[in-house]
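To start, the structure under review is shown below, and the notes come after it.
The values are calculated or read from the model by the stated rules, or taken from the named source; none is laboratory data. Here the structure is a predicted model, which is why all the values come from computation and not from measurement. Backbone-built Cβ (ideal geometry, glycine too); neighbour counts: all protein chains shown.
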Amino acid sequence: MALNWLLICHGLVTLTVIISFLCGQWPIFQGTPIERLHHFITFGAYDYFLRFVGFVFGDKARSLVLSIERCCCDRPNPVMQVIYLAIIGATYYYIVKSSFRYIPGYYLGEVHKYTSLLAVGIGIVLFLLTSFSDPGTVKAGNVSEYLLAYPYDNIIYTEKECSTCKIPKPARSKHCSICNRCVARFDHHCGWMNNCIGERNTRYFLAFLLWHCLLCIYGAIALALIIAGRLKELRVVYILTVYYGVGNSFRSLAPHVAQWLLSSYNTQLLLMVFLVIVSLLLAGFFGYHANLCLTNTTTNETFKWEDYISWQRKLNEARVSAAALKASISGMSSEAKRPESKCKSFFRRSSLEDSQVVAKENKYDKGFFHNMFEVLFPLSTRPSFSQTKSKPS
């Protein structure tokens, strides 16, 4: 019984740590222990580790750790790719080792041994495609085509030159400091892929997220069917009700069935929980990026618009405050007016509330079908793209 409670506690702690690490910065967790645990995992623990290294081994050891951090986080490296391959390989290995001996079973046929291997193989192929495909590198040879493909909106994108590449910077592009290149329709740099997500490989990235979400759901359902098949084959419910006198109701059977599952199939249960959690997270990531693609927006542009609207709001509030101050000074220099009643001043609208903020107008959003077509068939992959010539100046 102690082992069962230990497994339950282990599962709850694992679930809490995974949710805190991946979702702790979400607004729904603001001010909760989940947010504080996320801060500790992503920042606080590493800061304490640096202090410990510096205290015990000295400043040279601390500098060595920081140099390793710069190498892993600020330069292209395959660390996260290796971790991904290790996760998917270890998960599939434990599923094979713990569950394939029950296939074929009551609910699953032997074909699932081969379909599962095929599904994992397709997932790895999509991972490699996303990792090693060109995200849409902007170079001197194609910059003129990208300049015509994505016109400046003169709001968040204006005509300028990349200070590093020394070429004109097309709208929607960004210079990635990690990869040291300009990427067209830049979305973000993905550490898992060791590659940027841009104009040419967003389709592979979306396919990767969707396929791995479905893969995790498939694995969780398959494990659930294996356990359900074992319940049926071993006639667990029959034995509990006939030989042990347990009542034939869900409330009576559930604790005994759960205890039997935790003692006999704890590995499958932990794998199921892990796959369900990962599938939910992948579904959230896929939904977020799919919504961006349907509106022809990128993660980079989302942050740019937030910064621009925030700057507009502060600028307008400053203008309104300056106008109110000017009116107050001029009122003081003129004849004294009848003082405004406290009731009227309480209900009077603040002048700051009248400040207007420029609404977000995405000129690149050309409709649902056109946006999806642009993601699935990027502009730079079409024959017309290479035939486009820049207009004479």
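Numerical summary
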| item | result |
| --- | --- |
| Any pair with Cβ under 8 angstrom, 6 or more apart, that starts in region 250-263 at a residue that is at negative phi and surrounded by 16 or more Cβ atoms within 10 Å (Cβ to Cβ) and ends at one that is at pLDDT below 75 and part of a helix (DSSP H, G or I) | Leu262/Leu3; Leu262/Asn4; Leu262/Leu7; Leu262/Ile8 |
| Single match in Pro339, Pro392 (criterion: under 30 Å from Tyr157 (Cα atoms), exposed (fewer than 11 other Cβ atoms within 10 Å of the Cβ) and modelled with pLDDT under 85) | Pro392 |
| Boolean, Leu214 is within 28 Å of Pro76 (Cβ to Cβ) and either assigned to a helix (DSSP H, G or I) or among the β-branched types (Val, Ile, Thr) (or both) | no |
| Yes/no for Ala224 being in a helix (DSSP H, G or I), touching a residue at least 60 places away in the same chain (Cβ under 8 Å) and out of contact with any strand residue (DSSP E or B) (no Cβ under 7 Å at 6 or more places or on another chain) | no |
| Scope region 133-146; condition closer than 20 Å to Phe377 by Cβ and touching a strand residue (DSSP E or B) at 6+ places or on another chain (Cβ under 7 Å); matching residues | Pro135, Gly136, Thr137, Val138, Tyr146 |
| Subset of region 59-108 [in contact (Cβ under 8 Å) with a residue 12 or more places away in the chain, in a helix (DSSP H, G or I) and among the hydroxyl-bearing types (Ser, Thr, Tyr)] | Tyr84, Thr91, Tyr92, Tyr94, Ser98, Ser99, Tyr102 |
| Residues that are among the aliphatic types (A, V, I, L, M) and either in contact with a helix residue (DSSP H, G or I) (Cβ under 9 Å, 6 or more places away or on another chain) or assigned by TED's automatic domain parsing to the domain that holds Gly191 (or both), drawn from region 30-70 | Ile34, Leu37, Ile41, Leu50, Val53, Ala61, Leu64, Val65, Leu66 |
| Qualifying residue in region 260-279 (condition: in a helix (DSSP H, G or I), of a type in the set (Ser, Thr, Tyr) and at pLDDT 90 or above) | yes |
| Residue under evaluation Glu199, criteria (1) buried (at least 24 other Cβ atoms within 10 Å of the Cβ); (2) part of a helix (DSSP H, G or I), criterion not met | (2) |
| Residue check, Ala290 farther than 30 Å from Ala171 by Cα, in the same structural domain as Lys174 (by TED's automatic domain parsing) and of a type outside the set (S, T, N, Q) | no |
